[in-house]
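Rule-based calculations on the coordinates, nothing more; no lab input. Since this is a predicted model, take the numbers as computed values, not measurements. No Cβ is skipped: glycine too gets one built from the backbone with ideal geometry, and neighbour counts run over all protein chains shown.
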Amino acid sequence: MHNLLILGEQHRFSKLEIEELEEKFLNINFIAYKDMDTDYIIQLISDLLSDSEKTIIVLNTKSLIPNELLKYLTNNIKKNNVEYRTIQSFMEKYLLKSYIPDDLVDISFLEKVKPLSFIEKTIKFIFEYAITTVLIVLTLPLMLYAIYRIKKDSPGSILFKQKRVGKDGKEFDCIKFRSMHLDAEKNGAQFATDDDERIYPWGKIMRTTRIDELPQLWNVLRGDMHLIGPRPERRVWIEQFEKEIPYYNERHIIKPGLTGWAQVLYPYGANAYDAQQKLMYDLYYIKHWSLWLELKTIWKTIMVVLYRKGV
């Protein structure tokens, strides 16, 4: 394991991010950098460097680096035990998410955010169509049992159809097993919570195990969704997020998914902050799409379901 030295505070690391980094690095140190004496910064860095352990220095600052400090850092490049990374490349390599700056002066994070190529879409279609067909066959008994329990626990409609925003901002009917009481949104749209009284007992089990989303396999076969991609949101939330999160619409460059990279790595979603965190994972998925990433997402989804973490 290597040592990690984060120079600057351009990106404020969340508790979840720090916990992830603690599993990957031997020691983690932060140097605020701003308004600090250059000689003092050099001394701090020098004290933290090790001859026996490799140190990764993350340039997490948008401030101009003084010549004296720049010279010191340049000289250390020659050492085999020092590696420099920008905050953008560091987050993509070690946190598997794309960095989005708060001030958006630098929009380099949008580099490589583009639709899948014809070959990539063909590979993804064949891969997902085969898996989706198998999943429908394998889960058919479970879906029949879910229908029975819904009728027993909460008489009424079995399926719940809701308009969701898909590729290029176009809406489609997203199908789910109904997990809430019939009058769940009599007071308007709102995020579900852990102890949401609108969710009946079997509905809670379905949401935790993601059984309620199995009907979306038909959305995949119909071409509304991918098996893997950014989760589809409602128009009301997207309009709100777009006001607070610039470039939120970039996630609509591909079809939404039944599961996704953001869902398996960031299992929260109650406000705009969570939406921005998920956007970072969604952009990473779009930028680094590969068949291997598809397989990793499926495996992590299975782990989420087995350990009942929910998404």
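Summary of computed values
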{"read-out": "Potential lengthening between residue 125 and residue 234 on full extension [0.36 nm per residue; Cα-Cα distance subtracted]", "value": "36.8 nm"}
{"read-out": "Candidates 81, 67, 27, ranked by Gaussian network fluctuation over the chain, Cα under 10 Å, top entry", "value": "67"}
{"read-out": "Check: the chain dipole with +1 on Lys, Arg Cβ and -1 on Asp, Glu Cβ, in debye", "value": "1500 debye"}
{"read-out": "Filtered GluC sites (Glu not before Pro), the stretch 5-42: DSSP coil and at most 15 other beta carbons within 10 Å", "value": "23"}
{"read-out": "Rounded to 5, percent antiparallel among DSSP beta bridges of the chain", "value": "30 percent"}
{"read-out": "Net charge, residue 126 excluded, C-beta distance under 12 Å - Lys, Arg +1, Asp, Glu -1", "value": "-1"}
{"read-out": "Which of 292, 261 has the fewest Cβ neighbours within 10 Å, and the rest in rising order", "value": "292, 261"}
{"read-out": "Relative exposure of 210, 234, judged by other C-beta atoms within 10 Å (fewest first)", "value": "234, 210"}
{"read-out": "Among 241, 13, 172: highest mean-square fluctuation, GNM of the chain, C-alpha pairs under 10 Å", "value": "13"}
{"read-out": "Non-local Lys pairs in the stretch 2-95, i.e. 8 or more apart or on different chains, that have alpha carbons under 15 Å apart", "value": "7"}
{"read-out": "Calculated Rg/Rh (Cα atoms, Kirkwood Rh) (choose from [x] 1.05; [y] 1.15; [z] 1.44), label", "value": "[x]"}
{"read-out": "Estimated distance in nm for a label pair at residue 221 and residue 143, the labels positioned 7 Å out from Cα along Cα-to-Cβ", "value": "0.6 nm"}
{"read-out": "Nitroxide proxy distance, nm - points 7 Å out along Cα→Cβ at residue 70 and residue 9", "value": "2.4 nm"}
{"read-out": "Options 137, 117, 56, ranked by Cα towards positive dipole end of the chain, top entry (Cβ charges)", "value": "137"}
{"read-out": "Two-site label geometry, residue 133 and residue 18: point separation in nm, points 7 Å out along Cα→Cβ", "value": "5.0 nm"}
{"read-out": "Residue list for the stretch 2-16, given a label point 7 angstrom along the Cα-to-Cβ vector of residue 50 and an amide N cut-off under 16 Å", "value": "2-6"}
